[in-house]
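Structure record follows, encoded as structure tokens.
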Amino acid sequence: MKVLIISLPRTGSTTLMKALGSIFNLETVNEPFYKDSPKLQTYPLEQKDNFIEKSHINHKPSNTSKSSFDFFCDYYKEFDKVILLGRKDLDAMTESFIHGRDTGNFHNPYTIPKSKKFKNFKEHRQSAEYWVDTVLKFSQKNNIPITWYEDIYSGEERLIIETIKNWNLDIDLKLLFPFIDPKYKYRKTNSLL
């Protein structure tokens, strides 16, 4: 089985990729087209038949002249299952993105003081708005429902079950929940001290 997660930054996509990779015993491929990656790959990827790839909607292979949107509109058809992952709270997504860029801490627990003012917040927030618009457009054009971060990481069983039905994967919530339990979110509201 080949699974593609197309996501926005800071939507829990790495956690979801690792979870589904573990549950279905799939090789994981993380952001192969990220331009600053030391493992930047060109298209087509040399992959086995059983893998899960996570890519951001704004990434694309260096050897294509297509926009990232147009690339993914073709690329997703090579996969058996596609999950489109977005986030509704753009302020939190933007803060998380800037914090990760500034500290290099993308995948460990952290707190952000309420009084924290981020440099270039407005510019990054505009990028987030553009990315969300791109995900919405992709969803509409390709008839792929959006899985929202706020739903899949809500901790609410009913909402999570309804969300994962859209993936058309035979998945047991009891296997998935330990990965998506909100208590494991990286951003903590209380002090870590």
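The values are calculated or read from the model by the stated rules, or taken from the named source; none is laboratory data. Just so you know, these numbers come straight off a predicted model, no measurement behind them. Glycine gets a Cβ as well: all are built from the backbone with ideal geometry, and neighbour counts include every protein chain shown. The accessibility values were calculated without ligands, DNA or RNA, using every heavy atom of the protein model including side chains. Shrake-Rupley method; radii C 1.70, N 1.55, O 1.52, S 1.80 Å.
Against the numbered list (1) open to solvent by 100 Å² or more (accessible area, probe 1.4 Å); (2) over 23 Å from Y76 (Cβ atoms); (3) not hydrophobic (A, V, I, L, M, F, W, C), N143 comes up short only at (2). In segment 58-77, the condition of being within 13 Å of the chain's Cα centre (by Cα) and polar (S, T, N, Q) is met by at least one residue.
Return the only residue of I6, I23 being among the β-branched types (V, I, T), open to solvent by less than 60 Å² (accessible area, probe 1.4 Å), part of a strand (DSSP E or B) and touching a residue at least 24 places away in the same chain (Cβ under 8 Å). Answer to the selection: I6. For segment 31-86, a residue qualifies if it is open to solvent by 20 Å² or more (accessible area, probe 1.4 Å) and either acidic (D, E) or assigned to a helix (DSSP H, G or I) (or both), and the qualifying residues are E31, D36, E46, D49, S68, F69, D70, D74, Y76, K77, E78, D80. Looking only at segment 123-140, filter to residues that are of a type in the set (G, A, S) and open to solvent by less than 30 Å² (accessible area, probe 1.4 Å); which one of those is farthest from K54 (Cα to Cα)? The extreme case among them is A128. Within segment 93-114, one or more residues are more than 19 Å from the chain's Cα centre (by Cα), at pLDDT below 95 and open to solvent by 90 Å² or more (accessible area, probe 1.4 Å). Listed by position, the helices (runs of 4 or more DSSP H) enclosed by segment 89-193 that each have at least 1 residues that are touching a residue at least 24 places away in the same chain (Cβ under 8 Å) are 90-103, 121-142, 149-152, 173-180.
For every residue, the table says whether it meets (1) more than 21 Å from W148 (Cα to Cα); (2) in contact with a Lys or Arg (Cβ under 8 Å, 6 or more places away or on another chain).
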| residue | (1), (2) |
| --- | --- |
| L4 | no, yes |
| S7 | no, yes |
| A19 | no, no |
| D36 | yes, no |
| K48 | yes, no |
| R101 | yes, no |
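Just to be sure before I move on: is D89 within 28 Å of Q47 (Cβ to Cβ) and open to solvent by 30 Å² or more (accessible area, probe 1.4 Å) in the structure I sent? Criteria not met by D89.
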